[in-house]
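To keep things clear, I will list the structure first and then write my remarks on it.
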Amino acid sequence: MVPGREVIEAVTCEASELRFDSHPEGNTVEEKRPAISMPLKVGDKITGVLTLSGKPEGAEFGEDEARFLSVLGTSLALALENARLFRGLKENAAMLKKLIEVGQLVSSSLEMDVLMGYALQSMKKVLDTKWCALRLLDEETGELVLKASLGMSKNLQAEFERVRAEGTILGEVLKTAQPLIVEDLVKCDPSLHRPYYSKEMRSVAAVPVRARRKVLGTLTVYSSFHHYYRDSFMRNPPFGAALLCI
């Protein structure tokens, strides 16, 4: 059975087993179907919930069965965590391979336009994103100038070729010299205005383009799905390596 939200929240909050009737509207014990939910834990971290119900004749789960399920849950949680870590290693290895290929392409040319094109192609390939935009700061005007893009319409490129950075997502990246994720542009912090926006764009990850300690501009990737970019993803070493390709 699939436990309700209240059951999951109770088990994860208390970090202990919970016994309940899976069908409380039933009139008999058999119809109520007693159930038990156990937290899946790896150390102090709860990674899931294991739930069983429907014993013959509506019997309750005994203490021995609860202890067995607790041991089973611990083993299952460890197996799932190991599988997750292994999958992450494989994904990082695949991404690193792509980055090596991209680095070879970038180092094969000294032409600025070619380099910027390679940089965006690499980001689109590595991050599997739909839109990319590379902007460099015009120090005289304080504007960010669009130097290269992928996926953006010509009208959007022309309309927002130059944008003011102050009070925008990109301005925050320039000021802090740190990556910034907006998981849902529709619910974006009103104090951080979008420098431009297409209705198809739902989430954004923006990072500073740096030469040593100087911030030269911003590199922005957009997705049509909200919550596509996560903080853990931005902290991923391969992502940082991808930025060095610029």
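Quick notes on this structure:
- Above-threshold pairs, the threshold being 28 Å between Cα atoms, out of K187/K214; K41/K130; K45/K214; K97/K130; K45/K90: K187/K214; K41/K130; K45/K214
- Note on the stretch 5-83: with charges restricted to the Cβ of Lys and Arg (+1) and Asp and Glu (-1), its dipole about the Cα centre is near 260 debye.
- Amide H contacts for L50 (H built 1.01 Å from N in the peptide plane; partners 5 or more residues away or on another chain; cut-off under 5 Å): M38, L40.
- Footprinting exposure proxy for V209, V42 (fewest neighbouring C-beta atoms within 10 Å first): V42, V209
- Nearest-0.05 FRET efficiency for S224 and L80, computed from C-beta distance (R0 35 Å): 0.70
- By the beta-carbon count within 10 Å of each Cβ, the least crowded to most crowded order of S70, S223, S75, fewest first, is S75, S70, S223.
Just so you know, all these numbers are worked out from the coordinates, no wet-lab data involved. Here the structure is a predicted model, which is why all the values come from computation and not from measurement. Positions of Cβ are backbone-derived with ideal geometry, glycine not excepted, and every protein chain shown enters the neighbour counts.
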